[in-house]
Amino acid sequence: MDGMHSPEALCGILNLNKAIGLTSHDAVLSVRRITGQKKAGHAGTLDPLATGVLLVCLGQATRVSEYLMQGSKVYRARIWLGVTTDTYDAEGQVTAHAQVNATQAQVEDALRGLQGTFQQTPPAYSAVKRDGVPLYKLARRGDEGQRQAKDMALRHARTVHVESLSLTSWRPPEFEVEVHCSKGTYVRSLAHELGQRLGCGAYLSGLVRIASGTFHIEQSVTLEQLEQAFIQGQGPRLLLPMDAALQDYPAAALDPAAARKMSAGQRVQLPTTPDADMCRAYGLDGRLLALLRREADGWWQPHKVFVGQADDESHS
């Protein structure tokens, strides 16, 4: 490991290319083992059968995971027509077969009908929890468990936005689409709904998340690449700074006196007022200090402080 970075001091965002078969939790456990940083968590789950961009926050960067989760998502999805499964993907049990008569034009028309903003019900086999128990575990407890899981899924319907569904490959009964959607969208539910609309059923046969917000798969690293980098002492260089999660907010610099007030939880004034309700606050040395929230009187209140007063004074 890089001698300048102890495991506990590691802080940043890892753009991980998750392998197929791993749960998001398993991937985080592997990152903790490789980096030695025990404080780590993912910003948005991927199903075990999905691959691609999984953002993992390490150290203090775990405090910005909520902002990473807000980003829109882009997926490359494979959908198989004529077969329905109970999980809406390839992991489940087949519940129906049907003849496929849909043409490419009909599929493209049905895809357009799934665009927009609407209420989406999570699959009964999902990680949504009921009394602490994931629905997928409840759904595997026989007919009664499936009924309870479906009922609970209906209660957890959420508003999602599908910006576009573009057909990129047509090899019936399987085809590929690129999906641009909001956080919280279940792509396998889109595949299931598409099959229902076409009258032949469908399931999600493969899924790759190619982007999460501004983080793209081309810049991601595998667990194997991460491990090799840490063996060579280059691991910390793969981590992106935590303010990469906050680029939607304008930046402002604080002088040492204002930085001390802010780190103590006091309101501050800025020399120039950003045209936003929130902004990133930096010290004169370029360190990210906090997120500030503008109040009605024009003063800025610390919303989330990343550097304590003692730390601030030691660098002033």
Projected onto the charge dipole of the stretch 216-316 (unit charges on the beta-carbon of Lys, Arg, Asp and Glu, signs +1, +1, -1, -1), the Cα from Cys279, Pro250, Gln269 with the largest positive-side position is that of Gln269
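Mind putting a number on the dipole of the stretch 249-315 about its Cα centre? Charges go on the C-beta only, +1 for Lys and Arg and -1 for Asp and Glu, and I need it in Debye to the nearest 20. If you can, show how the numbers build up before the last one.
Details: 8 positive and 9 negative charges, 26 e Å.
Dipole of the stretch 249-315, to the nearest 20 debye: 120 debye.
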Out of every Cα-Cα pair in the stretch 1-115, what percent are more than 21 Å apart? 54 percent
Of the peptides 198-204, 157-163, 237-243, how do they stack up when ordered by the mean number of other Cβ atoms within 10 Å, highest first? 198-204, 237-243, 157-163
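Only the coordinates and a few stated rules stand behind these numbers; no lab work does. Quick caveat, the model's predicted, so the values are computed rather than measured. Positions of Cβ are generated from backbone atoms using ideal geometry, with glycine treated the same way; all protein chains shown enter the neighbour counts.
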